[in-house]
Amino acid sequence: MPKKVDHEARRQEISEALWRIASTRGLDGASLRDVAAEAGISLGRLQHYFRTRDEMLLFALRHINRLAADRIRARIEALAGGPAGGPAREPTPREVLRACLSGMLPLDDKSRTGLLVGAAYFARAVHDKTLRAEAENGIPQLRAFFAGQLRLAAERGELPPERATEDEAMLLISTADGLATYVLLGVHDPETALRLLDLQLANLFGADRV
């Protein structure tokens, strides 16, 4: 059991070396040798954990996505704690959706690095069926979760029932993805992206509903 834990920890350390490269110069030219040097290990040692660059990239993407999901979960739990540590409450569907969607934007160094890794991964996944399966499996799950929140909002009278659909959920995901890309490219700053995200939610729920 300890060997398995050490093995996983080493893979995570290699992933973090990959993220550091992504945050400073991108991933286009980052080879296994580059990542090994950044991680302070030999190429042979790295290949003990990852046989190919794609295998390393996929693990790094999944690991950084887990960390992002943890941050989003923490945001939702903070909402449930109420203002200023007050009594616990159930976050509204709109609050849950905003926490998730804002968590998909590059608002700090960690989330920016995660999205850069994701962009490199998706660019390769277009032509690689094995890598593409990650998106094919992940996006429908996210869409279903968002659609469930929209249906809950409709049941609570916070959203017109005709807008509680998977299409609306997909539009929210697409909005966040597009805004994230524009922030990475410098078209928008993070504050503008958040403002536009809130505008989209206001158009969906109504400006007077929170």
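Under the condition of being part of a helix (DSSP H, G or I), touching a residue at least 40 places away in the same chain (Cβ under 8 Å) and open to solvent by 70 Å² or more (accessible area, probe 1.4 Å), the residues counted in segment 21-63 number 1.
The residue of segment 145-188 that is least open to solvent (accessible area, probe 1.4 Å), among those that are small (Gly, Ala, Ser) and either at pLDDT below 95 or not in a helix (DSSP H, G or I) (or both), is Ala164.
From Leu131, Leu142, Leu97, Leu105, grab the single residue that is without any contact (Cβ under 8 Å) to a residue 60 or more places away in the chain, surrounded by 15 or more Cβ atoms within 10 Å (Cβ to Cβ), out of contact with any Pro (no Cβ under 6 Å at 6 or more places or on another chain) and not hydroxyl-bearing (Ser, Thr, Tyr). Even if it seems obvious, please write down each step before you answer.
On the way: Leu131 fails: without any contact (Cβ under 8 Å) to a residue 60 or more places away in the chain; Leu97 fails: without any contact (Cβ under 8 Å) to a residue 60 or more places away in the chain; Leu105 fails: without any contact (Cβ under 8 Å) to a residue 60 or more places away in the chain.
Selected residue: Leu142, the only one of Leu131, Leu142, Leu97, Leu105 that is without any contact (Cβ under 8 Å) to a residue 60 or more places away in the chain, surrounded by 15 or more Cβ atoms within 10 Å (Cβ to Cβ), out of contact with any Pro (no Cβ under 6 Å at 6 or more places or on another chain) and not hydroxyl-bearing (Ser, Thr, Tyr).
Of these, Glu162, Glu158, which one is more than 15 Å from Val96 (Cβ to Cβ), out of contact with any strand residue (DSSP E or B) (no Cβ under 9 Å at 6 or more places or on another chain) and not small (Gly, Ala, Ser)? Steps first, answer last, please.
Details: Glu158 fails: more than 15 Å from Val96 (Cβ to Cβ).
Within the list Glu162, Glu158, the selection yields Glu162.
Within segment 116-127, residues that are farther than 17 Å from Ser23 by Cα and in a helix (DSSP H, G or I) have Cβ atoms under 8 Å from residues that are among the acidic types (Asp, Glu) and at pLDDT 80 or above in these pairs: Arg124/Asp54, counting only partners at least 6 apart in sequence or on another chain.
The values are calculated or read from the model by the stated rules, or taken from the named source; none is laboratory data. What you are looking at is a predicted structure, and each value in this text was computed from that prediction instead of being measured. In this analysis, Cβ positions are derived from the backbone assuming ideal geometry, glycine residues included, and neighbour counts consider all displayed protein chains. Surface areas here come from the heavy atoms of the whole protein model, side chains and all, with no ligands, DNA or RNA. Shrake-Rupley method; radii C 1.70, N 1.55, O 1.52, S 1.80 Å.
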